[in-house]
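Throughout, read-outs are computed from the coordinates displayed, never taken from laboratory work. The shown structure was predicted, so the numbers you read here are calculated from the model rather than taken from an experiment. So basically every Cβ, Gly included, is an ideal-geometry build from the backbone, and we count neighbours across all protein chains shown.
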Amino acid sequence: MAEQKLAVVAIGGNSLIKDKTHQTVEDQYEAARETTFHIADMIEQGWDVAIGHGNGPQVGFILRRSEIAAKAEGMHEVPLDVCGADTQGAIGYALQQTLQNELYQRGVKKKVVTVITQVLVDREDPAFKNPSKPIGGFMDEPEARRRETEQDWTVVEDAGRGWRRVVASPLPKEIVELETVETLLERGIITITVGGGGIPVIDPGDGNYRGIAAVIDKDFASSLLAQKVNADLFVISTAVEKVAINFGKPDEKWLDKMTLAEAKQYLAEGTHFAKGSMAPKIEAIIWFLENGGKQALITDPENIGRALKGETGTWIVP
């Protein structure tokens, strides 16, 4: 029996929400089904898989519901770390059920499980001094100022559209449930973990974890996971089949392969990868490869199977 290969697959929010007109829970379930169909291809090709996923839009929906219920009915609001836990459960459920169903249909005897995962961040991370991730709905200035005073929120005026809360996006330091995840993977169980980058927690120094209002980049959390479980492959599944340099310009070039040195050079040039989309993905892959990672792949969900056969996608190697 050949040695099982282990891949960590990070799937983006676009794998769950196709567009503005397909945002219902049913729509998201259908999108999850399409994505897990392609992950099942990987599993059929002999890969063991751990799956990380985004949760940006879903957290936004929960916060919005929470804000509306508080205004209309005086209901309690849901703290951000709990919103993260809620999305891990709901998205995990959709991925777990659709993937399990697909594997069953194919006669693949593999179990799928979701682990509600906490990720340790450093209270001294510079990100906490400069919160930049906007979350929740828009407010008028009086409400923003009240929450700033009463709830210790950081609020900013957002391009003339109103006021919004911003939170930190610190780097992940440790996956609290790592040993549990490793045990599941060793048993060949497909494990959905670090959902939405993990629930951010801090250790105040007394050994007790405590949730904190922050957002961890899911590609960084998946990169840390890939490093810790010694993954043979780190896949970032996103909206593009391949990565381009000089994107949208006359000298645009689609890349089949990039070395670690080239990836760092393109990133340093600052013109190739958009700050909010491709740049963090490339950074997460660089972090993986610099810490002993073997290879990484960026492609879209429907091309994962083809990419693994070397037919498409952008491969990043040491």
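Modelled spin labels at N291 and K309, positioned 7 Å past Cα toward Cβ, are 3.4 nm from each other.
The spacing between the stretch 250-318 and the stretch 148-193, judged by their C-alpha centroids, is 24 Å.
About the Cα centre of the stretch 124-187, what is the dipole size in debye to 20, counting +1 per Lys and Arg Cβ and -1 per Asp and Glu Cβ, all else neutral? Could you put the intermediate results ahead of the total?
Numbers: 10 positive and 15 negative charges, 65 e Å.
About 320 debye.
Were the residues from Y104 through I189 laid out at 0.36 nm apart, the gain over their Cα-Cα distance would be 29.2 nm. Amide H contacts of Q295: F234, each under 5 Å away and 5 or more positions distant or on a separate chain (H built 1.01 Å from N in the peptide plane; Pro and chain starts excluded). Go through [x] 183; [y] 120; [z] 155 and flag the label whose value is the computed volume of the Cα convex hull per residue in Å³ for this structure. Computed from these coordinates, volume of the Cα convex hull per residue in Å³ corresponds to label [z]. Full extension of the chain segment joining N230 with D203 gains 7.2 nm, where the gain is 0.36 nm per residue of separation less the Cα-Cα distance.
A simple count of charges around Q88, restricted to other residues whose Cβ falls under 12 Å of its Cβ and scoring Lys, Arg +1 and Asp, Glu -1, yields -2. Paramagnetic label reach from E34 (point 7 Å along Cα→Cβ; backbone nitrogen cut-off under 12 Å): within the stretch 288-318, residues 301-303. With both residues required to sit in the stretch 138-220, DSSP beta bridges show an antiparallel share near 90%. Listing Y93, Y29, Y104 from fewest to most neighbouring C-beta atoms within 10 Å gives Y104, Y93, Y29.
Run the dipole for the stretch 174-283 about the Cα centre, Lys and Arg Cβ at +1, Asp and Glu Cβ at -1, nothing else charged, and hand back the magnitude in debye, nearest 20. Display every interim value, and only then the final one.
Values: 11 positive and 17 negative charges, 72 e Å.
The calculated dipole for the stretch 174-283 is roughly 340 debye.
Using a cut-off of 20 Å between Cα atoms, the listed pairs K71/K133; K133/K281; K110/K281; K5/K294; K173/K275; K249/K309 include K71/K133; K110/K281; K173/K275; K249/K309 as exceeding that distance.
What does DSSP give for the chain in terms of the percent of beta bridges that are antiparallel, rounded to the nearest 5? Don't skip to the answer; put the middle values down first.
On the way: 18 of 46 bridges.
Given both bridge residues lie in the chain, the antiparallel proportion sits at roughly 40 percent.
Cβ crowding within 10 Å, taken as a proxy for footprinting-reagent exposure, orders T193, T35 from fewest neighbours to most as T35, T193. Charging the Cβ of each Asp and Glu at -1 and of each Lys and Arg at +1, and nothing else, the dipole of the stretch 25-114 about its Cα centre rounds to 240 debye.
Couplings for the stretch 242-251, taken from phi via the Karplus curve 6.51 cos²θ - 1.76 cosθ + 1.60 with θ = phi - 60°, read 9, 8, 10, 9, 6, 3, x, 9, x, 9 Hz in order; Gly and Pro are left as x. The residues T271, T299, when put in order of fewest to most other Cβ atoms within 10 Å, stand as T271, T299.
Other residues within the sphere of radius under 14 Å centred on the Cβ of L63, judged by their own Cβ, net out at +3 (K and R +1, D and E -1). DSSP beta bridges fully contained in the stretch 153-310 are about 65 percent antiparallel. Full extension of the chain between A70 and D251 gives 60.0 nm of extra length, using 0.36 nm per residue less the Cα-Cα distance.
Of L225, A268, W287, which is farthest along the charge dipole of the stretch 187-318 in the positive direction, counting Lys and Arg as +1 and Asp and Glu as -1 at C-beta? The residue sitting most towards the positive pole is L225.
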